[in-house]
1. In the stretch 137-170, how many residues are assigned to a loop (DSSP other than H, G, I, E, B) and either modelled with pLDDT under 95 or touching a Lys or Arg at 6+ places or on another chain (Cβ under 6 Å) (or both)?
2. Return yes when M1 is assigned to a helix (DSSP H, G or I) and more than 30 Å from Q237 (Cα to Cα) and no when it is not.
3. From the list L126, L120, L99, which residue is of a type in the set (A, V, I, L, M) and either assigned to a loop (DSSP other than H, G, I, E, B) or surrounded by fewer than 17 Cβ atoms within 10 Å (Cβ to Cβ) (or both)?
4. Please verify whether the stretch 136-143 includes one or more residues that are of a type in the set (A, V, I, L, M, F, W, C) and more than 20 Å from T65 (Cα to Cα).
5. Does the stretch 31-53 contain any residue that is touching a Pro at 6+ places or on another chain (Cβ under 9 Å), surrounded by 18 or more Cβ atoms within 10 Å (Cβ to Cβ), within 26 Å of K146 (Cβ to Cβ) and not assigned by TED's automatic domain parsing to the domain that holds Y183?
6. Modelled with pLDDT of 95 or more, on the phi > 0 side of the Ramachandran plot and of a type outside the set (A, V, I, L, M, F, W, C): is that true of Q56 in this structure?
7. Checking the structure you have, find out if any residue of the stretch 202-209 is part of a loop (DSSP other than H, G, I, E, B), hydrophobic (A, V, I, L, M, F, W, C) and either within 30 Å of L5 (Cα to Cα) or touching a residue at least 60 places away in the same chain (Cβ under 8 Å) (or both).
Amino acid sequence: MSRTLLIDADVVAYEAAFSNEQAFEFEPGWWTWQVKWDDVLESFDATVQTMMDTLQADDFKLCLTDSEGNFRFGIHRDYKGGRKSVRKPIILKHFKQFLIDERKAFFKPGLEGDDCMGILATHPKLIPGEKIIVSIDKDMRTIPGKFIRWGTEEGCVIEEISPSRAFYNHMKQTLTGDTTDGYKGLPGCGPKKAETILNMDPSESPDLSPETAGIVWRSVVAAYEKAGLTEDDAVVQARMAKILDAKHYDFKAQREILWNPPS
């Protein structure tokens, strides 16, 4: 069976572009940044090849974020608000467009690279054979399937994320929030408190039943209501935390399908 890597190309492209930038004084007292295109491309390709060799893969698919828009901004105005002031490598936008045009990177308007990986990983037909998500982002553990957190201490351990585990991780993220992405979750709720609220062992039943999902969601809502918030507040946080899978993307309309609570 063939093995295809679903690569978080946002991270690989950023690192390649950033690491090759150099400060340059083009005349006394005037400085700017300079970067050589071929150096960025060489660094990018070397990283992808290392992934392919290390994981003994047959093919790969690059996944990229739409830099012009993101549907999550329509859910919560503060989404990724803390990143607006961070300077990006000067070549990054043009390099990502090159990956779309020349390397056929998977890209959908309004979606993040995480969503693209989630859709490809869970779609039964788009990519045949074995698929492995390769990303540094721990949030990819909310997608069922195979995942490796590349570039961390976890090394090259391939994790098998069951549907039950993926749902559990999504609900945990709904409670704890993500300060990096700009949504807060349940005020004052850290990982340990979230585990207590969920009261679920996803390893007991890898396949998630509607009954279990409903019970866990009601526990999440109860925790929000205890804090003086509402189910609507919990839904907003869950939608922010939800990385799209194939069931949450409308291919005909080319847009997201928002997550709704289990009935």
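1. Within the stretch 137-170, the subset assigned to a loop (DSSP other than H, G, I, E, B) is 137, 143-144, 150-158, 162.
Cutting the leftovers down to either modelled with pLDDT under 95 or touching a Lys or Arg at 6+ places or on another chain (Cβ under 6 Å) (or both) gives us 137, 150-158.
Here the count works out to 10.
2. Details: assigned to a helix (DSSP H, G or I): no; more than 30 Å from Q237 (Cα to Cα): yes.
No, not satisfied.
3. The unique qualifying residue is L126.
4. Among the residues of the stretch 136-143, not one is of a type in the set (A, V, I, L, M, F, W, C) and more than 20 Å from T65 (Cα to Cα), which makes the answer no.
5. Taking every residue of the stretch 31-53 in turn, none turns out to be touching a Pro at 6+ places or on another chain (Cβ under 9 Å), surrounded by 18 or more Cβ atoms within 10 Å (Cβ to Cβ), within 26 Å of K146 (Cβ to Cβ) and not assigned by TED's automatic domain parsing to the domain that holds Y183.
6. Against the criterion (modelled with pLDDT of 95 or more, on the phi > 0 side of the Ramachandran plot and of a type outside the set (A, V, I, L, M, F, W, C)), Q56 qualifies.
7. Yes: one or more hits.
Table: residues versus (1) surrounded by 13 or more Cβ atoms within 10 Å (Cβ to Cβ); (2) in the same structural domain as G182 (by TED's automatic domain parsing); (3) among the aliphatic types (A, V, I, L, M).
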position	(1), (2), (3)
S203	no, yes, no
S209	no, yes, no
I215	yes, yes, yes
K226	no, yes, no
D233	yes, yes, no
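The values are calculated or read from the model by the stated rules, or taken from the named source; none is laboratory data. Computed from a predicted structure; not experimentally measured. Please note: Cβ atoms are built from the backbone with ideal geometry, for glycine as well, and neighbour counts cover all protein chains shown.
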